[in-house]
Amino acid sequence: MNDIARITEIAGEEAASLGFDLVRVRYFKGGEIGDEEHTLQIMAERPETGQLVIEDCAALSHRISDRIDALEEAGEVLIAEAYRLEVSSPGIDRPLTRAKDFAAWTGHEARIELAELLDNRKRFRGDLVDFDADQEMISINDDGVVYEVPFSLVANAKLILTDKLIAASRPLDVSGVDDLVEEQED
């Protein structure tokens, strides 16, 4: 048995200890190496930039891995089978997993998949019109019709890569780029 809730708790604690916000924890079968591989995917971000740089990913990966190893050595089994740990930044076409994500990205195009039918539909794609924090209700304009979608029904959601999203996204951290360009020219 895999304890994803406990792993999410651990990942959240380790991310917070480094000053990061946890965006998502997923455990799935199949990955870059093959269909039989299991992957534990952790996404986190710096609150001020909405991203992690490679050094941040490495630091968080080591913290989570060390913590899981220590707990398993103490007898707490979190994941029964072998897996690959993947720590990353959410990227520009990021998943929307938290209520604050929907509020922050109002005005941008998103795809939302629900856990159950709403108005005989499970999928919506369009501009995020509003997020009512009190009611935890997402308003999405799909083909000229605004649907009110309860946040509690969202199974999967992500931003759609558009020119508007690119223009609105914070610039990536480009520290060290000049050094990399100089090395490639040599």
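So for region 19-30 (the condition being of a type outside the set (F, W, Y), part of a loop (DSSP other than H, G, I, E, B) and modelled with pLDDT of 95 or more), does at least one residue qualify? Checking region 19-30: at least one residue is of a type outside the set (F, W, Y), part of a loop (DSSP other than H, G, I, E, B) and modelled with pLDDT of 95 or more.
Taking (1) modelled with pLDDT under 95; (2) crowded, with 18+ Cβ neighbours inside 10 Å in turn, A80 satisfies each apart from (2). Take the conditions within 17 Å of the chain's Cα centre (by Cα) and part of a loop (DSSP other than H, G, I, E, B) and apply them to G75. Does it pass? Here the answer is no, as G75 does not meet what is asked.
Per the conditions (1) outside any loop (DSSP other than H, G, I, E, B); (2) among the acidic types (D, E); (3) within 27 Å of S169 (Cα to Cα), the sole criterion not satisfied by E48 is (1).
Do we have A82 as touching an Asp or Glu at 6+ places or on another chain (Cβ under 9 Å) and among the small types (G, A, S) here?
yes
For region 83-121, the candidate set comprises residues that are open to solvent by 50 Å² or more (accessible area, probe 1.4 Å) and over 21 Å from the mean Cα position of the chain (by Cα); within that set, the residue that is nearest to D3 (Cα to Cα) is E116. Does S169 satisfy the condition of being small (G, A, S), open to solvent by less than 70 Å² (accessible area, probe 1.4 Å) and free of Cβ contacts under 8 Å to residues at least 24 places away in the same chain? Answer is no for this residue.
The values are calculated or read from the model by the stated rules, or taken from the named source; none is laboratory data. The shown structure was predicted, so the numbers you read here are calculated from the model rather than taken from an experiment. Virtual Cβ from ideal backbone geometry, glycine too; neighbours counted across all protein chains shown. Side chains are part of the model used for accessible areas, which takes the heavy atoms of the whole protein and leaves out ligands, DNA and RNA. Shrake-Rupley method; radii C 1.70, N 1.55, O 1.52, S 1.80 Å.
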